[in-house]
Every structure is written in structure tokens, then in C-alpha cells.
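**Q** Take this structure first; my questions come after.
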Amino acid sequence: EICGPIPRLVQRDQQFHQSRNTLNIELKDLSKNAHRLRRADWFHVFLRMDTCQSLLLMLSSWTLSIMVFAALYMGVDYGYGKTECGLVSADSESPTMTYGGYFAFSLETTTTVGYGLPGSNSFFENCPNIQIAIYFQMVFSMLYNAFVFAFFFTRLAKTENRGAQVIFSDTAIITRRNLNDENESNRSNYNTFRNTDSNVQNGDNEDVDKRPWIFSLRVADVDAKYPVVEAHVRMYAKVGTQLIEMRVLSPNDEIGANLFLSWPLTVKHEIDVHSPLHPPANDPYRLFNNGLNLRNADSVVGSVEQYACPICGESYGDLHRLRKHVEYCIIVEKKDKYPIKGTHQELDPTKIEPLTPPSGNELLDWFPDEVIVVVEGIDSLQSGTFQALQSYTVQNLSWGGTFQDCVLFRSDGTTVDLNKFHNVINTDHEFASSSRTDLATSFRKRNESFLMKHRGKNFSLRNGLSFDEEEGDIAFRAKDGVSGESLSDPSTQMNSQDDTKK
């Protein structure tokens, strides 16, 4: 159920457009079962407390223990009556002390600073119960000191703060896959169905529209001199109440999606028919994935066979091999004079083609509420695992372009220029400008039920948009001092990265 604007799961409220590496989640448990589970893991719950609160709690509990043992000593001493226990001078008129004296004795016992007792019975031979009380207080003191040491060591040595030095790009890029790049072509044979005439080489628009989309972002480590051990990346799409895993194309998640964070790297996700970023598509030759999270890249290289011949049931990795199979079978069946009905001659090989990738507007209409990126690694100093989190919504997208190169080579070494880390060059400003009007239409569709429920009201929609029914307009909500700007004005231009962020 949508109750107003859908907040980010990962709040980007740190410097340099980063997050605190925490999730914006609260637990509602009317039966108090969660509190029982937390009591079973009380030490980690205590570690998560605020530092000032935890210090105040420990100091209070330590002082309370001294007061409790002081009362115990007072009771034991009073119980022995006129017997000299060694706590009071033999020349004293009263065999007992005030509570302040017993408190001082308890404090000396806890801190083991030594005794300066006025009595001659320094080892309390006449009062064995005082010896027993001292024994239990010393045992408690040792255990408490061990707990305090473990607490401070864990708080100071925790590696989760190491994730603050892993930085992500402010914007994510959605662009067509560059099939002319040699490395890209080696990983995929999508260009099998591409034409080889001059209009392809010149970048004809029709050919560009057939290229698959890529969702990419950049990640690096500020502490680049000391590499993070076993760093890897995962991606998730938050769609309503569901969190759907996204396959990572580069680095390849089939071999762990490993990262070398000391070097600025681009993480890529192909928006294929299996991707949660892809609109629903009907492919008659595709096999049912049976709930598995697949990707087209695996089928192209033969790791997964996801297409089947409707006649003989033979399966293939991609449509190119399926079409070759149909063409060959048609030649054989015609030569052997097979009947047309029930054979491959019923199929038209020219219609066995990959689906046309969705347009940019369709991607915009189907884009999830939030894309969450998780980078995990091991700190080499303390051998502890940490995570770094980042999220992207439609306001953090850049259409087309590439990240500006931020690595500089000098005679004395290599420099990573963080001033260029977020920069995106060669952006498709024309599509970015027109998409803002399309964004309004997109969110009208996605929030139709919410609009009908709150008819006649002014309210905020998901992904930072607001709707004013009287003006019939959808606009960006003002955030962090940035004024909202109308989406319905077609003359609005996006000429800078700041406009894209809005």
C-alpha cells in the first residue's frame, strides 16, 4: 500500500553525495517478539547504542555496583556487633562507620588501590563474611573490567566505518551498449543481427535503437594506496515492497563480481528481458526461467540455453543459433519432401529476431523506486568485513554519455582526481530534456490508484514528485534548498548535471 511518497531505503545524506551505509528501516512488532530476540543478542544491541548513552550507562552501573557492595559491607559489619572486623579503629567509640565510610571501602576494593584501615585486623580474620563479600566484589570487578575492555575495543576497532571511504558516483548512466567496442564484442555476439552496411558504421538511428541498454555507475576507494581485500558488488531493485536482485554484467557476477577498488571502476548491469528495469516483454521462443534470476549474456556465450525450437524442442543459447537451426532444417525437409504441416517449414526464419529493446521513455516509465548498490570487502588491517551502500532513483539518472576519465599519470606515480569522479560527459541532453515531460506521464500511470484515493488534495508522490490537481501539474519537490521545477513545461532544458539531479 502506498501511503504518500516512497522514501529512499538508503539515504544519501553524507558529503560527496554518499550515504551513511545504513538502511532507513524501522521494525513494528506489537507482540514484542523483536525485543525478546534483541535481549538474546544484548551485547551487539549495546554496541549499537550512542556512544554518550553507552558511556553514561556503564558509569551508572559501575557506581551502582559500588553502592550495592557498600550497603553489603555495612550490613555485614553491623551484624557482627562489637566484634572488631578491622574496618574501624580500635580506639573508636562506635564499632561501625557511616555509609560514606563503607562506600569508600567498597571503592578501594573495586579499584584495588590498597587499604589504609585504622584497625589492626587488616585481613578481617574476625569477620569472614566481609572476606566473602570482598571476594565476590573482586570477581564482579574483573568481569566488568573485561566487558568494558571488550566494549571499547570493539567500538574502536569495528571495520564497518571503513565503508565510508568507498565512494559511488552521484549519478548512474543509462545508455545504449557500445557494440563497436572490441572488449564488448568479445563478451557478446549481439552484433550478429546487426547490418554491416555503411549506415551501421555511421551510427544510423535505426541501428542505435536495436542496441541493448546498460545501467552503469562508478565506484572507487579513497584509501587507494591500501587495496581492499576480496571486494565485490551486488545490486538490487526496490519495486514497491519487493527487493529484486539485479545481475551484474561487469564485473561478471558469475565469477564473484570482484572489484579492485583502488582504481575507479564502472559497474554495469545490462537491462535485458530478465532485468527488473526492463518492461514486460513477450518472447514466443524463450523458455520459462522457472524463477531463476538469469541474464542474456550467459545464454549468448552458451552457458544457458533459453530458446527452444517449437517444432523439435531443440534448445539454443540465442536466437541466432535457433534461426540457423530452423534454416538448416527447412533445407533438409524440402530436399526430403517433408510435408509442411508439423515441420520446420511452418516457421519463418526471418521473424526469429531478438526483441527490440525498449525506448528510453519506456525505461523511464518502468524504472523502479530505487536501485540499491552494495559493495562488500575485507579491511586488510583488522581482517573485518564491511559494507558500503548507495542508491539511485530517477532523479539520479544521466541519459547517455560516459564518466569522465579521472585517472592521471605522472612521473612520480598515478593520481585519481576526485574532482572529476562524478562528472559525466557526452550526455544526451535532448533526450534528458524531453524525458522530464515524459516523467510526469510515467508517474501519473504508476500512481493512478493513489491519485484516485486522494482526489482533490495536494500531496507528494513517489520518487520525489508532487502533484497539484488544481494546476494539473507534476513537479519536483524542493529538497535541500533546491527549488522545485515544473515537469509539464516542454521548454524546460537540462543543460547541466545539476539540472539532471533535480
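The values are calculated or read from the model by the stated rules, or taken from the named source; none is laboratory data. These numbers come from a predicted model, not from an experiment. Here Cβ is always computed from backbone atoms with ideal geometry, including for glycine, and neighbour counts include all displayed protein chains. Just so you know, the surface numbers come from the protein's heavy atoms only, side chains and all, with ligands and any DNA or RNA stripped out. Shrake-Rupley method; radii C 1.70, N 1.55, O 1.52, S 1.80 Å.
**Q** Name the single residue that is farthest from Val375 (Cα to Cα) among those in segment 151-171 being in contact (Cβ under 8 Å) with a residue 24 or more places away in the chain, over 17 Å from the mean Cα position of the chain (by Cα) and assigned to a helix (DSSP H, G or I).
**A** Among those residues, the one meeting the criterion is Phe151.
**Q** Let me ask something additional. Within segment 372-387, can one find any residue that is modelled with pLDDT under 90, of a type outside the set (Gly, Ala, Ser), open to solvent by 40 Å² or more (accessible area, probe 1.4 Å) and out of contact with any strand residue (DSSP E or B) (no Cβ under 8 Å at 6 or more places or on another chain)?
**A** Yes.
**Q** Does any residue of segment 25-35 turn out to be out of contact with any Gly (no Cβ under 7 Å at 6 or more places or on another chain), modelled with pLDDT under 85 and closer than 30 Å to Val219 by Cα? Please lay out each step first, then the result.
**A** Just the residues of segment 25-35 that are out of contact with any Gly (no Cβ under 7 Å at 6 or more places or on another chain), to begin with: 25-35.
Next cut, modelled with pLDDT under 85 only: 25-35.
Subset that is closer than 30 Å to Val219 by Cα: 25-26.
Yes, the conditions are met somewhere in segment 25-35.
**Q** Right, another one. Is it the case that segment 277-285 has a residue that's in a strand (DSSP E or B) and of a type in the set (A, V, I, L, M, F, W, C)?
**A** no
**Q** Name every residue in segment 309-327 that is among the hydrophobic types (A, V, I, L, M, F, W, C) and modelled with pLDDT of 90 or more, in order of residue number.
**A** Answer for segment 309-327, where residues must be among the hydrophobic types (A, V, I, L, M, F, W, C) and modelled with pLDDT of 90 or more: Cys309, Ile311, Cys312, Leu322, Val326.
**Q** Search segment 287-314 for residues that are acidic (Asp, Glu) and pair each with any residue that is assigned to a strand (DSSP E or B) when their beta-carbon atoms are under 9 Å apart and the residues are at least 6 apart or on different chains.
**A** Sorted first by the residue in segment 287-314, then by its partner, the pairs are Glu305/Ser315; Glu305/Tyr316; Glu314/Ala308.
**Q** Now for a different question. Within segment 32-75, which residues are among the polar types (S, T, N, Q) and over 27 Å from Arg8 (Cα atoms)?
**A** Residues satisfying the conditions are Gln53, Ser54, Ser60, Ser61, Thr63, Ser65.
**Q** Moving to a separate point now. What single numbered condition from (1) open to solvent by 50 Å² or more (accessible area, probe 1.4 Å); (2) at pLDDT below 90; (3) not small (Gly, Ala, Ser) fails to hold for Asp405?
**A** Of the numbered conditions (1) open to solvent by 50 Å² or more (accessible area, probe 1.4 Å); (2) at pLDDT below 90; (3) not small (Gly, Ala, Ser), the odd one out for Asp405 is (2).
**Q** For Val267, only one of the following conditions fails: (1) in contact (Cβ under 8 Å) with a residue 60 or more places away in the chain; (2) open to solvent by 20 Å² or more (accessible area, probe 1.4 Å). What is its number?
**A** Single failed check for Val267: (2).
**Q** Restricting to segment 208-238, name every residue that is open to solvent by 60 Å² or more (accessible area, probe 1.4 Å) and either closer than 18 Å to Gln390 by Cα or without any contact (Cβ under 8 Å) to a residue 40 or more places away in the chain (or both).
**A** Val222, Lys225, Arg234
**Q** Next question. Considering only segment 289-308, state which residues are open to solvent by 50 Å² or more (accessible area, probe 1.4 Å) and at pLDDT 85 or above.
**A** Across segment 289-308, the qualifying residues are Leu292, Asn293, Glu305.
**Q** Tally up the residues in segment 358-386 that are assigned to a strand (DSSP E or B) and in contact with a helix residue (DSSP H, G or I) (Cβ under 6 Å, 6 or more places away or on another chain), please.
**A** Going through segment 358-386 one residue at a time, the tally reaches 1.
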